[in-house]
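Quick notes on the structure that follows.
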Amino acid sequence: MGGLRDVAASCVAPGPSGVAIRTRLKGLTGGDEEVLRLIGDHLGSLASRDLKARCAAGLEHDNERWAVRKQALTAESSSRWAGSITKASHDQWALARRGMLAYIHGLQAGVRTVAHRLSLPLGEKGTKHAPGGYGSGQEWFAKSRRLRVLEDRLAAAQSDWQAGVVRVVRGGRRLLSTRHHLEPAQLTEEQWRLRWRAERRFLQADGECGKRHGNETLRVSPDGEVSLKLPAPLAHLANAPRG
């Protein structure tokens, strides 16, 4: 038992100590707000371009292509901003892939269920583990049409899955759809555009091991003060040394 205790103690890894911060900034001047908007818009445009490149690469993406994407962004931001943007694009692509797989599984379940019920005589009762037949010829006919629709959708989704095709909307598909339904959403076009621009801005960074208060790009001190390293094209707007 003593030997087991020694081995266990040496193999136990410490728990996670990092935190994720998503918050609003307070005490900003008008100049601060304008600079933040400019940063978000600039990095957001880079993020949109990089996400397009990541989606175009599909399943053929590898570390070499990742490095090329990061290098293309570095000149217009910084190495750390480029790293954050490319990682966010990769995560978004992966999330879309998981969502597509869940969509395929849902379609497969729907096809199996409808096909099973169509195969049964009309009015046949179901069991605890399986549904019965449809109640009338009219319902049977409607569901047979529904089955063809589901099969077509499944074939298209499986084709996209095998090709590595995903569909992603920076800013959110729901907000994009709202653009065509402004009156029910009680929004003017200008209000919608303000929200759309805000959602498409990019202003996030990952922590770096051994760096105080986060990393060299985005720091949050223990008393809540935030300091931000500006991208290279906007460095002249900084109010502190070294951008």
Inset, instruction - Would you mind stating whether GLU225 is touching a residue at least 24 places away in the same chain (Cβ under 8 Å) and open to solvent by 80 Å² or more (accessible area, probe 1.4 Å)? - result: no
Inset, instruction - Select from the range 193-203 the residues that are at pLDDT 90 or above and either among the aliphatic types (A, V, I, L, M) or part of a helix (DSSP H, G or I) (or both) and list them in ascending order. - result: ARG193, LEU194, ARG195, TRP196, ARG197, ALA198, GLU199, ARG200
Inset, instruction - Name the single residue, out of those in the range 1-35 being in a helix (DSSP H, G or I) and either at positive phi or open to solvent by less than 40 Å² (accessible area, probe 1.4 Å) (or both), that is modelled with the lowest pLDDT. - result: GLY2
Legend entry - Failed item in (1) among the β-branched types (Val, Ile, Thr); (2) over 30 Å from LEU218 (Cα atoms); (3) surrounded by 16 or more Cβ atoms within 10 Å (Cβ to Cβ), with THR127 passing the rest: (3)
Legend entry - Hits in the range 149-186 - residues which are among the charged types (D, E, K, R) and within 26 Å of LEU51 (Cα to Cα): ARG153, ASP160, ARG167, ARG170, ARG173, ARG174, ARG179
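Rundown of residues vs (1) over 20 Å from ASP41 (Cβ atoms); (2) loosely packed, with under 13 Cβ neighbours inside 10 Å; (3) at pLDDT 95 or above, yes/no style:
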| residue | (1), (2), (3) |
| --- | --- |
| LEU73 | no, no, no |
| SER77 | no, no, no |
| TRP81 | no, no, no |
| ILE85 | no, no, no |
| ALA94 | yes, yes, no |
| HIS105 | yes, yes, yes |
| GLN108 | yes, no, yes |
| VAL111 | yes, no, yes |
Inset, instruction - Kindly list, by first and then second residue, each pair from a residue in the range 111-130 that is within 17 Å of PHE141 (Cβ to Cβ) to a residue that is among the aromatic types (Phe, Trp, Tyr) and outside any loop (DSSP other than H, G, I, E, B), limited to pairs with Cβ atoms under 7 Å and residues at least 6 apart or on different chains. - result: LEU118/TRP140; LEU122/TRP140
Inset, instruction - Please work out if ARG212 is open to solvent by less than 40 Å² (accessible area, probe 1.4 Å) and in a loop (DSSP other than H, G, I, E, B). - result: no
Legend entry - Every pair of residues 6+ apart whose Cβ atoms lie under 9 Å, when the first sits in the range 143-161 and is more than 17 Å from HIS116 (Cβ to Cβ) and at pLDDT 95 or above while the second is open to solvent by 70 Å² or more (accessible area, probe 1.4 Å) and not charged (D, E, K, R): ARG153/TYR103; ALA157/TYR103
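Results for (1) part of a helix (DSSP H, G or I); (2) more than 30 Å from ARG219 (Cβ to Cβ), shown as yes or no for each residue.
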{"residue": "THR86", "(1), (2)": "yes, no"}
{"residue": "ALA96", "(1), (2)": "yes, yes"}
{"residue": "TYR103", "(1), (2)": "yes, yes"}
{"residue": "LEU118", "(1), (2)": "yes, yes"}
{"residue": "PRO121", "(1), (2)": "no, yes"}
{"residue": "GLY132", "(1), (2)": "no, yes"}
{"residue": "GLN138", "(1), (2)": "yes, yes"}
{"residue": "ALA142", "(1), (2)": "yes, yes"}
Inset, instruction - Could you identify the single residue in ASP206, ASP152, ASP223, ASP160 that is over 30 Å from GLY123 (Cβ atoms) and assigned to a helix (DSSP H, G or I)? - result: ASP160
Inset, instruction - Please specify each residue of the range 163-192 satisfying the condition of being part of a loop (DSSP other than H, G, I, E, B), open to solvent by less than 60 Å² (accessible area, probe 1.4 Å) and either under 30 Å from ARG112 (Cα atoms) or of a type in the set (Val, Ile, Thr) (or both). - result: GLY164, VAL165, VAL166, VAL168, VAL169
Inset, instruction - Scan the range 140-162 residue by residue and report those that are of a type in the set (A, V, I, L, M) and crowded, with 16+ Cβ neighbours inside 10 Å. - result: LEU147, LEU150, LEU154, ALA157
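The values are calculated or read from the model by the stated rules, or taken from the named source; none is laboratory data. Computed from a prediction, not measured in an experiment: that's the story for all the values here. As a convention, Cβ positions derive from the backbone with ideal geometry for all residues, glycine included, and neighbour counts pool all protein chains shown. For the accessible areas, the whole protein counts, side chains as well, though only heavy atoms, and no ligand, DNA or RNA atoms are used. Shrake-Rupley method; radii C 1.70, N 1.55, O 1.52, S 1.80 Å.
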